[in-house]
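The values are calculated or read from the model by the stated rules, or taken from the named source; none is laboratory data. It should be emphasised that the depicted structure is a prediction, and the values quoted were computed from it without experimental measurement. Every residue, glycine among them, receives a Cβ derived from its backbone with ideal geometry; neighbour counts consider all protein chains shown. The accessibility values were calculated without ligands, DNA or RNA, using every heavy atom of the protein model including side chains. Shrake-Rupley method; radii C 1.70, N 1.55, O 1.52, S 1.80 Å.
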Amino acid sequence: MRLNIKNETGRLKSVVLGQPNSLGPVPTLEESYDAKSYYSIEHNIYPKEEDVINEMNAFEAVLKKYGVEVLRPSIIEDYNQVFSRDVAFVIDDKMIISNVIADRADEQEAYKSVFEKVAWRKIINLPETAHIEGGDVIVWNDFLFIGTCFSEDYRNYKTARTNEYAIEILKEYFPKKRIIDLELKKNDKIPFEGILHLDCTFNPIGEDKCIIYKNGFVDESDYRLIIDIFGEENCFHINDDEMFEMFPNIFSISPDVVVSDKAFTRMNDHLRNEWGMTVEEIPYREISKMGGLLRCSTMPLVRE
């Protein structure tokens, strides 16, 4: 397989979609490793496996409608494998194997059949102390936007998934990219007060547009930098409640076609009516209760 990911919206040819089967029992509060899951467990609304399967099947049907090759990881019994984005990610023609948190370390075994399709020279294994997950990495042509946490309390946050060392390593592998690190607010238990990954607060769509949540960044200058790059008129701003519902985390099949949650009425109408995009709406409310949405569920391998 010839990997090719230059940006977030080029016509999608091949993708890994997460695995909804055999999720296992509802985690305890202590076992949760993101704020949205903590909230769902605490309020007794954690999703049922059958609902997760139905939502992912709907997503797969849309992908196949557009001729996308859909690969799936093998099933690990009683293990949450919905969010494939964080296991590995592709930049240009290289696949970077993530150093995920310990709670998800076994997940990579299920991707062996995917990794075997990639030439070994194109796979990058990071040093053990370089922590990074694909949800924090946004590839946008000459730019690499990377969400991170510079706090001295980094090790105390389960939601701090990408560290400064990993960013330095990526600079060595991709010296021609303009790498922009963006510090995200972190909170392990209150989803209104923290951001798990960069794609939960910022996501490029189309040719030159983006969805953005201002209050997800520690430093407002990071938010302003994104606005300067994309232009105010090309940014769709979401509010606190929409961030909680995960509005930014939609998925592009091409510059003109996005897959979005059918509950995102205000944004979906804007994408259609103001920006002329095709919005494929599917139900994804249950999966959102586990701390991720559509982009989180995918690992794009090839885009035109």
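Being touching a Ser or Thr at 6+ places or on another chain (Cβ under 8 Å) and either surrounded by 14 or more Cβ atoms within 10 Å (Cβ to Cβ) or not basic (Lys, Arg) (or both): is that true of LYS186 here?
Working: touching a Ser or Thr at 6+ places or on another chain (Cβ under 8 Å): yes; either surrounded by 14 or more Cβ atoms within 10 Å (Cβ to Cβ) or not basic (Lys, Arg) (or both): yes.
The answer is yes for LYS186.
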| task | May I ask you to verify whether LEU294 is touching a residue at least 24 places away in the same chain (Cβ under 8 Å), more than 27 Å from LYS48 (Cβ to Cβ) and open to solvent by less than 10 Å² (accessible area, probe 1.4 Å)? | result | no
| task | Please verify whether the range 113-123 includes one or more residues that are touching a Pro at 6+ places or on another chain (Cβ under 9 Å) and either in a helix (DSSP H, G or I) or buried (at least 22 other Cβ atoms within 10 Å of the Cβ) (or both). | result | yes
| Residue within the range 46-60 that is without any contact (Cβ under 8 Å) to a residue 60 or more places away in the chain, under 20 Å from the mean Cα position of the chain (by Cα), surrounded by fewer than 22 Cβ atoms within 10 Å (Cβ to Cβ) and assigned to a loop (DSSP other than H, G, I, E, B) present | no
| query | Going by the structure shown, is SER260 in contact with a Ser or Thr (Cβ under 7 Å, 6 or more places away or on another chain) and either of a type in the set (Lys, Arg) or over 21 Å from ILE180 (Cα atoms) (or both)? | reply | no
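This table checks each residue for (1) within 18 Å of GLY147 (Cα to Cα); (2) among the hydrophobic types (A, V, I, L, M, F, W, C); (3) in contact with a Cys (Cβ under 9 Å, 6 or more places away or on another chain); (4) buried (at least 17 other Cβ atoms within 10 Å of the Cβ).
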residue: GLU220; (1), (2), (3), (4): yes, no, no, no
residue: LEU225; (1), (2), (3), (4): yes, yes, no, no
residue: GLU233; (1), (2), (3), (4): no, no, no, no
residue: MET246; (1), (2), (3), (4): yes, yes, yes, yes
| query | Only one of (1) farther than 30 Å from LYS176 by Cα; (2) open to solvent by 40 Å² or more (accessible area, probe 1.4 Å); (3) of a type in the set (Asp, Glu) fails for ASP93. Which number is that? | reply | (1)
| remark: Residues of the range 143-162 being touching a helix residue (DSSP H, G or I) at 6+ places or on another chain (Cβ under 9 Å) and either open to solvent by 20 Å² or more (accessible area, probe 1.4 Å) or farther than 28 Å from SER288 by Cα (or both), in sequence order, are PHE143, PHE150, TYR154, LYS158
| request: Looking only at the range 61-81, decide whether some residue is out of contact with any Cys (no Cβ under 6 Å at 6 or more places or on another chain), within 17 Å of ARG295 (Cβ to Cβ), in a helix (DSSP H, G or I) and at pLDDT 95 or above. | output: yes
| Per-region count, the range 18-28, residues outside any loop (DSSP other than H, G, I, E, B) and either at pLDDT below 95 or in contact with a Leu (Cβ under 6 Å, 6 or more places away or on another chain) (or both) | 0
| the range 122-136 residues that are more than 13 Å from ILE101 (Cα to Cα) and of a type in the set (D, E, K, R), paired with ones that are open to solvent by 40 Å² or more (accessible area, probe 1.4 Å) and not in a helix (DSSP H, G or I) (beta carbon under 8 Å, 6 or more apart) | LYS122/ASP93; LYS122/LYS94
| said: Against the definition (among the aliphatic types (A, V, I, L, M), open to solvent by less than 70 Å² (accessible area, probe 1.4 Å) and farther than 27 Å from THR28 by Cα), how does ILE180 come out, yes or no? | reply: yes
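Of all strands (runs of 3 or more DSSP E) completely enclosed by the range 190-291, which ones contain at least 3 residues that are within 30 Å of ASN80 (Cα to Cα)? Steps first, please.
Numbers: elements: 202-205, 209-212, 235-237, 251-254, 257-261, 278-282.
The strands (runs of 3 or more DSSP E) meeting that bar are 202-205, 209-212, 251-254, 257-261, 278-282.
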| the range 84-98 residues that are farther than 17 Å from LYS112 by Cβ and in contact (Cβ under 8 Å) with a residue 12 or more places away in the chain, paired with ones that are in a helix (DSSP H, G or I) and among the hydroxyl-bearing types (Ser, Thr, Tyr) (beta carbon under 9 Å, 6 or more apart) | ILE91/TYR173; LYS94/TYR173
| field | One residue from GLU42, GLU31, GLU8 being open to solvent by 10 Å² or more (accessible area, probe 1.4 Å), at pLDDT 95 or above and more than 30 Å from PHE143 (Cβ to Cβ) | value | GLU42
| query | List, please: which pairs have Cβ atoms under 6 Å, are six or more places apart or on different chains, and start with a residue in the range 247-262 that is free of Cβ contacts under 8 Å to residues at least 40 places away in the same chain and end with one that is part of a strand (DSSP E or B)? | reply | SER260/VAL279; SER260/GLU281; LYS262/GLU281
